[in-house]
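Below is one structure, written out as C-alpha cells, with a few remarks after it.
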Amino acid sequence: MTHLKALNIASYIILILAFITMVYVGCLLWWPVKAYESNSVITDKLQYYQGDELVFTDDRCKYLGVPVDVNITLTDGILYQYATRYRNSPVGCSKVISEPLTIPSYAIPGKYHVEIILTFHINSIRRESFTIKTNEFEVLPLEEEL
C-alpha cells in the first residue's frame, strides 16, 4: 500500500512540474514584449546614381538590450540583398545613422526603397521581427563619357 502511495505522490509531483514548465515556456513564447518602435526612416537624398553610397537615418526607440540581426534589402520589385549585420545598439530613443550602403552598379534605374528587417533575440526560444521601409528614392543610370 505504501508503495502505491509513494508512486501516486511521485506522479502528482511530475504532473505539477510539467505544468509549471509548460507555463514557463508559454510565458517565454507569448508574453507581450515591446522591443522596438520606429517613427521614420529617411534616406539622405532622393536621387542616386548607380554605384553611389546611400545612408539612411532611423528615428527609433529600442526598449530591450538584446542582440539584433539586421537584414537590408534594396528593392523595386527586384531584390538586392546586403549581408546580414549583427548589432547590439543601446536601449533608448535616438536617431541612428546607418553605415553607407553601395547601390549596385548593375541596379536597374528606377524607383526604389530600402527594406530593413530587424530580428530581436528576445530569449533563447523567441525571436521578434520588425520590417521598416525608407522613403522612396530614384536610382539614375551612370552617365557614360563619349
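The values are calculated or read from the model by the stated rules, or taken from the named source; none is laboratory data. Just so it is clear, the structure is predicted and the values come from calculations on it, not from any experiment. All Cβ positions, even for glycine, are placed from backbone atoms using ideal geometry, and neighbour counts span all protein chains on display.
Selection of first residues in the stretch 77-94 that are in the same structural domain as ASP59 (by TED's automatic domain parsing) and of second residues that are among the hydroxyl-bearing types (Ser, Thr, Tyr) and part of a loop (DSSP other than H, G, I, E, B), restricted to Cβ pairs under 8 Å at least 6 apart or on distinct chains, gives the following pairs, ordered by first then second residue: VAL91/TYR63. From the list GLU37, GLU53, the lone residue that is touching a Pro at 6+ places or on another chain (Cβ under 8 Å) and at pLDDT 90 or above is GLU53.
So which residues in the stretch 1-42 are touching a residue at least 60 places away in the same chain (Cβ under 8 Å) and either assigned to a helix (DSSP H, G or I) or over 19 Å from LYS62 (Cα atoms) (or both), if there are any at all? Residues satisfying the conditions are VAL25, LEU28, LEU29. Residues that are of a type outside the set (Phe, Trp, Tyr) and closer than 20 Å to THR119 by Cβ were ranked within the stretch 15-34; the one that is modelled with the highest pLDDT is LYS34. Those strands (runs of 3 or more DSSP E) of the stretch 50-146 in which at least 1 residues are under 30 Å from VAL33 (Cα atoms), considering only elements entirely within it, cover 56-62, 68-75, 79-81, 85-87, 92-97, 110-123, 126-133. Restricting attention to the stretch 93-139, the residues being over 30 Å from PRO67 (Cα atoms) and exposed (fewer than 13 other Cβ atoms within 10 Å of the Cβ) number 4.
Yes/no per residue for (1) at positive phi; (2) out of contact with any Ser or Thr (no Cβ under 9 Å at 6 or more places or on another chain); (3) among the β-branched types (Val, Ile, Thr):
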site: ARG85; (1), (2), (3): no, yes, no
site: SER105; (1), (2), (3): no, yes, no
site: ILE108; (1), (2), (3): no, yes, yes
site: PHE120; (1), (2), (3): no, no, no
site: PHE130; (1), (2), (3): no, no, no
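With the structure loaded, tell me whether LEU54 is within 30 Å of HIS121 (Cβ to Cβ) and either surrounded by 13 or more Cβ atoms within 10 Å (Cβ to Cβ) or out of contact with any His (no Cβ under 7 Å at 6 or more places or on another chain) (or both) or whether it fails that test. In short, yes.
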